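Trainee: Take this structure, written in structure tokens, and hold onto it; I'll ask about it next.
The values are calculated or read from the model by the stated rules, or taken from the named source; none is laboratory data. Every value quoted in this text rests on a predicted model; they were computed, and no experiment measured them. Glycine gets a Cβ as well: all are built from the backbone with ideal geometry, and neighbour counts include every protein chain shown. Side chains included, ligands, DNA and RNA excluded: accessible areas come from the protein's heavy atoms. Shrake-Rupley method; radii C 1.70, N 1.55, O 1.52, S 1.80 Å.
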Amino acid sequence: MLIIPVKEGENIDRALKRFKRKFDKTGTMRRLRKRQQFTKPSVERRAQIQKAQYIQGLRDKEEI
């Protein structure tokens, strides 16, 4: 549970912004969205390999 202490005379918008930032850092929404749909391990592995190939291609272009 997140606790955001609101200081005396602090604008509620600023406190809400701090709450949103702290909530985003916990990664709760990312985990929930990931759990909504199941992906097979082979598909995840293939996506990781494709991402690695893409990044390696970018690094190779930088060297040239």
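Trainee: Taking a probe of 1.4 angstrom, what is the accessible area of D13 in Å², to the nearest 10?
Mentor: 100 Å²
Trainee: I need the phi-derived Karplus couplings for region 25-30: 6.51 cos²θ - 1.76 cosθ + 1.60, θ = phi - 60°, integer Hz, Gly and Pro marked x.
Mentor: The phi angles translate into 5, 6, x, 5, 5, 4 Hz.
Trainee: For region 13-23, what does the Karplus curve 6.51 cos²θ - 1.76 cosθ + 1.60, with θ = phi - 60°, yield as ³J(HN,Hα) per residue in whole Hz, taken in order and with x for Gly and Pro?
Mentor: 5, 5, 5, 5, 5, 5, 4, 4, 5, 5, 5
Trainee: Hey, if you put +1 on the Cβ of every Lys and Arg and -1 on every Asp and Glu Cβ in region 7-64, which of L32, A52, N11 ends up farthest toward the positive end of that dipole?
Mentor: It is L32, whose Cα lies furthest towards the positive end.
Trainee: Another question, if that's okay. With every protein chain left in place and a probe of 1.4 Å, what is the accessible surface of K51, to the nearest 10 Å²?
Mentor: 130 Å²
Trainee: May I ask you to work out the translational diffusion coefficient for the chain at 25 °C, viscosity 0.890 mPa s, via Stokes-Einstein with Rh from the Kirkwood sum over Cα pairs, reported in whole µm²/s?
Mentor: The diffusion coefficient I find is 156 µm²/s.
Trainee: Right, here's the next one. L32: accessible area at probe 1.4 Å, nearest 10 Å²?
Mentor: Its heavy atoms expose roughly 90 Å² to the probe.
Trainee: Under a point spin-label approximation (7 Å from Cα along Cα-to-Cβ), what is the K40-R59 distance to one decimal in nm?
Mentor: In this crude spin-label approximation the distance works out to 3.0 nm.
Trainee: Any idea what angle helix 41-63 forms with the longest principal axis of the chain, computed on alpha-carbon atoms, 0 to 90 degrees, nearest 10?
Mentor: It is inclined by approximately 80 degrees.
Trainee: Moving on. In the chain, carbon and sulfur make up what percent of the accessible area (probe 1.4 Å)?
Mentor: Carbon and sulfur atoms account for 54 percent of the accessible area of the chain.
Trainee: Next question, about the same structure. Determine the dipole magnitude for the chain: charges of +1 sit on the beta-carbon of Lys and Arg, -1 on that of Asp and Glu, nothing else is charged, the reference point is the Cα centre, and the result goes in debye to the nearest 20.
Mentor: So the magnitude is around 340 debye.
Trainee: Return one whole number: the accessible area per residue of the chain in Å², for a 1.4 Å probe.
Mentor: 105 Å²
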